[in-house]
Amino acid sequence: MRSPRVVKPLIGISCCTKQFGVFGMPNHAASDTYVRVTDEVIRAVPILLPACGPTADIETLLDRLDGIILTGSRSNVQPTLYDGPPHAEGTPEDPARDGFTMPLIRAAVARGVPLLAICRGFQELNVALGGSLHQRLQDLPDRIDHSTPMQPAAGVRQGKAHAVRLTPGGWLHRLAGTATLAVNSLHNQGVNMLAPALVTEAIAPDGTIEAVRATASQAGSATGFAVGVQWHPEYDWRTDPVSRTIFEHFGAAVRAYAEAARLGGVSIAAD
Ligand SMILES: N[C@@H](CCC(=O)NCCCC(=O)O)C(=O)O
């Protein structure tokens with residue numbers, strides 16, 4: 001008898017629109033850090049998802065994907081999506097990415113496709129589910145500066161910027177086994193109104209919401225791992241055990257989803 005075929009799960013990684021080359025031609029791009037962690041820690045096959053705008057065929061994608069990583073980006077979610085005031089002049093936006101990720105997130109959460117949302121992705125998750133954003137945390141009273149120093153230095157991305165307090169008994173608290181975590185910080189925007197389907201998993205000392213989880217009942221899905229962090233575990237998973245564990249938990253949810261919902265007749269590689 002032939003042994004069952006063993007395949008790895010497929011993880012979609014959201015791309016940004018970027019202009020490359022001397023003629024500034026539009027391209028779709030995602031940082032190598034997300035590709036590496038998908039391959040080396042989650043042990044899944046990374047699939048780059050172009051920022052196709054609202055014409056993307058979301059259902060066809062979700063029929064084939066076993067999980068989604070929503071990436072960080074210098075660009076910002078368009079304020080029209082949460083009834084916010086226009087951005088200050090020069091603030092980067094990526095409407096083609098928003099036009100793709102907003103329906104993707106809603107459909108993935110409704111289907112229970114595992115979702116890990118990082119930084120801009122975390123902000124997208126909140127907006128897609130009905131929340132809103134602050135546009136410049138550093139302009140608000142009593143907030144610490146969460147923004148990215150304009151340096152390529154590894155320390156900025158792999159070092160720690162501030163602590164976050166984990167919600168007692170929450171997903172992240174159980175995962176980390178500690179009351180607080182130290183995290184890196186590379187953002188200007190942040191959650192203002194939290195989407196009704198999300199619960200807070202971590203909070204910075206200045207009150208900024210730093211991690212969230214979609215609750216199955218409120219998001220209308222039967223199961224589902226939909227979590228978001230405002231920081232960047234993809235930068236320091238080689239040295240930070242909690243960052244690595246976040247991806248491992250996501251990977252376990254992806255494998256469980258693939259086994260249960262998608263791949264009748266073939267086996268999913270254990271890791
Ligand atoms: N633009 C948003 C989201 C911030 C974000 O995702 N930053 C990624 C930075 C990656 C890097 O510089 O290495 C905001 O400013 O809040």
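A few notes on this one:
- Table column - 3J(HN,Hα) (Hz), region 201-214, Karplus curve with 6.51, -1.76, 1.60, x for Gly and Pro: 10, 7, 9, 7, x, 8, x, 5, 6, 10, 8, 9, 9, 7
- Length released on extending from Ala256 to Thr55, taking residue separation times 0.36 nm less the Cα-Cα span: 69.4 nm
- Accessible surface of Cys52 - all protein chains present, 1.4 Å probe, nearest 10 Å²: 60 Å²
- Sequence of Ser243, Ser73 when ordered by accessible area, the most exposed leading, probe 1.4 angstrom: Ser73, Ser243
- Using the Cβ-Cβ distance between Thr178 and Ala107 with R0 set to 30 Å, the FRET efficiency works out to roughly 0.30.
- The packing ranking of peptides 168-174, 232-238, highest mean first, is 232-238, 168-174, where packing means the average number of other beta carbon atoms within 10 angstrom of each residue.
- Rounded percent of accessible protein surface that carbon and sulfur make up, region 10-263, 1.4 Å probe: 55 percent
- For the peptides 191-198, 62-69, the ranking by packing is 62-69, 191-198, with the highest mean count of neighbouring Cβ atoms within 10 Å listed first.
- Over region 10-263, the fraction of Cα-Cα pairs per 5 Å bin, rounded to whole percents and listed from the shortest bin up, is 1, 6, 14, 19, 21, 19, 12, 6, 2, 0, 0.
- The length gained by stretching the chain between Leu140 and Met25 to full extension, at 0.36 nm per residue less their Cα-Cα distance, is 37.7 nm.
- Ranked by how many other beta carbons lie within 10 Å on average, peptides 131-141, 36-46 from highest: 36-46, 131-141
- Solvent-accessible heavy-atom area per residue, rounded to whole Å², over the chain at 1.4 Å: 45 Å²
The values are calculated or read from the model by the stated rules, or taken from the named source; none is laboratory data. Treat the numbers as computed from the prediction; the structure is a model and nothing was measured. A quick note on method: Cβ atoms are made from the backbone with ideal geometry, for glycine too, and the neighbour counts reach across all protein chains shown. Calculation scope for accessible area: heavy atoms of the full protein, side chains included, ligands and nucleic acids excluded. Shrake-Rupley method; radii C 1.70, N 1.55, O 1.52, S 1.80 Å.
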